[in-house]
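Take a look at the structure set out below.
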Amino acid sequence: MKKLSWFNKLMFVLNMVLTVLTFVAYILPFLAPKLFPFLSVLTLVLPLMLVLNFAFFLYWLLQLKRQMLLSGIVLLLGITFINKFYKFGGTNLPEENRDFTLMSYNVRLFNLYEWLPRKDVPDSIVAFVKEQHPDILCLQEYTPIKRVQFKQYKHRFIFTNDYKSGKFGQAIYSKFPIINSGHIPFPKTDNHAIFADIKKGKDTIRVYSMHLQSIRITPDIHERLDEERSRVIFNRMSKAFKEQQLQAEIVEKHKAECTYPMIICGDLNNSAFSYVYRSVKGKMNDAFEEAGSGFGKSYNFKYYPARIDYIFTAKEIEVKQYTTFKNFVNSDHFPVMTRLAFEEKEE
């Protein structure tokens, strides 16, 4: 370090600080947020830290400095995290009769309170679903509206809570028979999960749709983030992470009692680098990692490619295609859809 210029010495110090923070972020998915709720915020910005580490690696490489090893090692150790952030290529396997499709979409109450300055949002969503015609449709932040009718589905399970301002909840629509369904409440919150056991041919699949605690960061931030407001936001996020942990553990316990192949989808309100993601996913496949491409951005945050909506599948269910509809802006979330099939069992 003695041979470095004063500017490079400063850059190396910043590089070391970034390295420590990145290593902490690597460990956090294995630590319960209730132990370190404030530090859990780092998991939201891990993709940015990976990008900065890559920038430092190039900076030192172009100068042929051995300091490049610092960020190089960090990137090698975090190779599995990179796959969760960005996927090169994508998968689109040939269609077969056994295939079926599932869409998950946080519809934001069909724009009930006119967050978007348009009147056609409910009709647009109905038309979009009809065009994509998923076999199973899971909707979060659902509210019953007369204009919103998905008549192509003979089977459905809808759960809503009653509030002064209306009924809000979730819905699962299916072209296949639903033989059992239920609601999983979360304590001290309006968030919850629902499930439906769906009969497809001779097989039965359990589909969970969930909506975990929101960290309440809006897509457009116009207010100046002064010290006081920043503190409020971080405290709010820390509290939400602890609540998400409890909710994820409730779902984990519920799914442990299920004997059917499972699909879990919905809005986790957290990144793919979090304890909550790891807890809900368990040993299941992440459909985006299996067949997606690009950033997989599912939340319409202007300055960051946030992926907080997921579809997880049991190992025996093959993921053949995955799509994020980033150009369909009728909510603060984007619809995600996957094409699936039961893997053929060897005789």
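Scanning segment 215-253 for residues that are modelled with pLDDT of 70 or more and more than 14 Å from Leu268 (Cα to Cα) turns up Arg231, Val232, Ile233, Phe234, Asn235, Arg236, Ser238, Lys239, Lys253. For segment 98-108, a residue qualifies if it is crowded, with 18+ Cβ neighbours inside 10 Å and of a type in the set (Lys, Arg), and exactly one does: Arg108.
Every condition in (1) surrounded by 18 or more Cβ atoms within 10 Å (Cβ to Cβ); (2) modelled with pLDDT under 90; (3) touching a Lys or Arg at 6+ places or on another chain (Cβ under 7 Å); (4) not aliphatic (A, V, I, L, M) holds for Pro29 except the one numbered (2).
Can you confirm whether segment 151-167 contains a residue that is touching a helix residue (DSSP H, G or I) at 6+ places or on another chain (Cβ under 7 Å), in a strand (DSSP E or B) and in contact (Cβ under 8 Å) with a residue 40 or more places away in the chain? Looking for residues that are touching a helix residue (DSSP H, G or I) at 6+ places or on another chain (Cβ under 7 Å), in a strand (DSSP E or B) and in contact (Cβ under 8 Å) with a residue 40 or more places away in the chain, one finds none in segment 151-167, hence no. Answer yes or no as to whether Ala55 is under 24 Å from the mean Cα position of the chain (by Cα) and either over 19 Å from Asn269 (Cα atoms) or not in a loop (DSSP other than H, G, I, E, B) (or both). In short, no. Residues in segment 61-97 that are assigned to a helix (DSSP H, G or I), surrounded by 13 or more Cβ atoms within 10 Å (Cβ to Cβ) and touching a residue at least 24 places away in the same chain (Cβ under 8 Å): Leu70, Ser71, Val74, Leu75, Phe81, Ile82, Asn83, Lys84, Phe85. For Ala291, the criteria (1) among the hydrophobic types (A, V, I, L, M, F, W, C); (2) crowded, with 18+ Cβ neighbours inside 10 Å; (3) over 17 Å from Thr80 (Cα atoms) hold in every case but one, which is (3). Within the set Phe157, Phe168, the sole residue that is modelled with pLDDT under 95, in the same structural domain as Lys199 (by TED's automatic domain parsing) and within 24 Å of the chain's Cα centre (by Cα) turns out to be Phe168.
One line per residue, one yes/no per condition, for (1) part of a helix (DSSP H, G or I); (2) without any contact (Cβ under 8 Å) to a residue 60 or more places away in the chain; (3) more than 19 Å from Ile73 (Cα to Cα); (4) among the charged types (D, E, K, R):
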position: Thr22; (1), (2), (3), (4): yes, yes, no, no
position: Pro33; (1), (2), (3), (4): no, no, yes, no
position: Leu42; (1), (2), (3), (4): yes, yes, yes, no
position: Leu46; (1), (2), (3), (4): yes, no, no, no
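The values are calculated or read from the model by the stated rules, or taken from the named source; none is laboratory data. The shown structure was predicted, so the numbers you read here are calculated from the model rather than taken from an experiment. Positions of Cβ are backbone-derived with ideal geometry, glycine not excepted, and every protein chain shown enters the neighbour counts.
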